[in-house]
1. Can you pull the one-decimal nm distance between simple spin-label points at E93 and F66, each 7 Å off the Cα toward Cβ?
2. Please identify every one of the trypsin sites (Lys or Arg not before Pro) in the range 51-115 that sits in a loop by DSSP and has no more than 14 other beta carbons within 10 Å of its own beta carbon.
3. Do any of K91/K114; K37/K104; K37/K69 go past 25 Å between their Cα atoms, and which?
4. Could you give the alpha-carbon Rg of the range 12-119 over 2.2 N^0.38 Å, rounded to two decimals?
5. So for the pair N49, Q23, with labels modelled 7 Å out along Cα→Cβ, what separation do we get in nm?
6. Rounded to the nearest 20 debye, what is the charge dipole size of the range 12-119 about its Cα centre when +1 sits on each Lys and Arg Cβ and -1 on each Asp and Glu Cβ?
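Nothing in this text is a laboratory measurement; each read-out follows from the coordinates by a stated rule. Everything numeric here is computed off the predicted structure, so don't read it as measured data. Cβ placement follows ideal geometry from the backbone for every residue including glycine, while neighbour counts extend to all protein chains displayed.
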Amino acid sequence: MKKDIKKTIKTELSFLPIGAIAQSLGVHQRTLRIYDKEGILSPKRTEGNRRYYSLDDFEKAKAIQFLTKNLALNLSGVKLILAFLEKLKIKPEDYIEYIEKIAKSANINLEMQKLNIEKTSKRGRPKANQDKI
């Protein structure tokens, strides 16, 4: 009888350097450092103070990117949602799927998400070229 491979992999072990995570996510390393500073994503540190991420951290970072890019949430909103997900004991690999289900049940569809993203810039401020009312 085969063992379930997911049960044998320890996803909480930290071994991925910040550069690998940043490149995989398509973000700057500074973005990950900001997440660490804000307490949203807390990688393990070596004795030399280098950040090393686990597979769980990587999945959590993907969820953070989804929340900020697709749902246009700020980091306070992200922090709140991640706290709920952890409280509900949702596995990091299931975060995005769970968030999508909740968004759908709250009638937050793809069109609304796109509209929300168009209204705000990367920093959450109205775009400069937007007509003022």
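1. For E93 paired with F66, the spin-label model returns 1.4 nm.
2. On the way: sites: R51, K60, K62, K69, K79, K87, K89, K101, K104, K114; in loops: K89.
Passing sites in the range 51-115 are K89.
3. Values: K91/K114 27 Å; K37/K104 31 Å; K37/K69 20 Å.
In this structure, K91/K114; K37/K104 exceed 25 Å between Cα atoms.
4. Working: Rg = 14.3 Å, N = 108, 2.2 N^0.38 = 13.0 Å.
In units of the globular-protein estimate, the range 12-119 measures up at 1.10.
5. 2.5 nm
6. On the way: 18 positive and 14 negative charges, 61 e Å.
It comes to approximately 300 debye.
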